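Working notes, beginning with the structure itself.
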Amino acid sequence: MNSINTDEDPVIRSLGELVAQPPVGFDHLVIARYALVPGPLGEVFVAFTDRGISYVRPADQVEQDADRFAEDFRDRFGRPIERAGRPPAGLVPALRTGRARELAFDLRGLSEFEQAVLRKALEIPRGEVRPYAWIAREIGRPKAVRATGSALGHNPVPILIPCHRVVRSDGQIGNYALGPAMKHELLHAEEVDLEEVGRLAAAGVHYLASDTTGVVCYPSCRHARRITPPHRVPFGTLGRAVEAGYRPCRDCRPALADTA
């Protein structure tokens, strides 16, 4: 326990004053760690426990202040925290590539529904977006679109769990836990063509089909982006596309329920 800074937190200080040494690794079960690492739009503080990553905040939103980040973490989770010697394995590559599905997350304290929403958001590929209704339908709660938005808005690990990739069906980007400006910046950094998505939505186009493959996708799907203009067929509803003989993409998985 000699590595613990006993001046920062009363729980840590109490552990350091134990007469008997605690079992090896016991402090990792009680005390969370944090690291300051490069993110897609600047440095981010990332907190993690023995179970996985539990909290993320951009450094500039806490004025680059590690003590303020630690205080925010303690206020939210009621758990002591100290700086780690190194970040968790895979964290920095995940932030660099936007692919975090292999990381472990500690989502204790969230409801089963909230956890399902966040884990489904992890499946949205970098550079693509999905409507809120897609998340609700995919987790078996197609009528819970507003609750899905609320769960995403309280995401404790934004950026890594990419709630910024969930947008409104009308083409607007919607709200975001870290603010709509950062949501726009993150999507722009991932090369999502928000202007095109918005332009199509304003024209009543929510799906794009290929007359060569017979597949219909969301406009941001990587397959839709490969359709050349002469072979692009726009649709306002998935039902119209299906009636015209197009098959929903097996990757972006549009469905008739995705209307809200």
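Nothing in this text is a laboratory measurement; each read-out follows from the coordinates by a stated rule. It should be emphasised that the depicted structure is a prediction, and the values quoted were computed from it without experimental measurement. Virtual Cβ from ideal backbone geometry, glycine too; neighbours counted across all protein chains shown.
A few points about this structure:
- Expressed to the nearest 5 percent, the antiparallel share of DSSP beta bridges inside the chain is 65 percent.
- Within the chain, helix-based [θ] at 222 nm, where runs of 4 or more DSSP H residues each add -39,500 (n - 2.57), nearest 500: -9000 deg cm²/dmol
- Basic side chains Lys and Arg get +1 at the Cβ, acidic Asp and Glu get -1 at the Cβ, and with that the dipole of the chain about its Cα centre reaches some 1200 debye.
- Trypsin sites (Lys or Arg not before Pro) restricted to segment 187-260 and DSSP loop, no more than 16 other C-beta within 10 Å: R226, R250
- For the peptides 90-100, 121-131, the ranking by mean Cβ contacts within 10 Å, running from highest to lowest, is 121-131, 90-100.
- Inter-label distance for A203 and D75, nm, one decimal - labels placed 7 Å from Cα along Cα-to-Cβ: 4.7
- With a simple spin-label model that places each label point 7 Å from the Cα along the Cα-to-Cβ direction, the separation between H188 and S150 comes to 3.2 nm.
- Pairwise Cα inverse-distance average, inverted: Kirkwood Rh of the chain (Å): 20.0
- Ranked for footprinting exposure by Cβ neighbours inside 10 Å, fewest first, H231, H184 give H231, H184.
- Segment 112-248, relative contact order in percent, only Cα pairs under 8 angstrom and at least six apart counted: 20
- Segment E195..R225, full-extension length gain: 9.4 nm, with 0.36 nm per residue of separation and the alpha-carbon distance subtracted.
- Normalised by the number of residues in the chain, the mean separation of alpha-carbon contacts (under 8 Å, six or more apart) gives a relative contact order of 14 percent.
- Mean Cα-pair separation over length for segment 42-90, i.e. relative contact order, pairs under 8 Å, 6 or more apart, %: 25
- With both residues required to sit in segment 112-248, DSSP beta bridges show an antiparallel share near 60%.
- Calculated FRET efficiency, R168 to L41, Cβ-Cβ distance, R0 = 22 Å: about 0.50 to the nearest 0.05.
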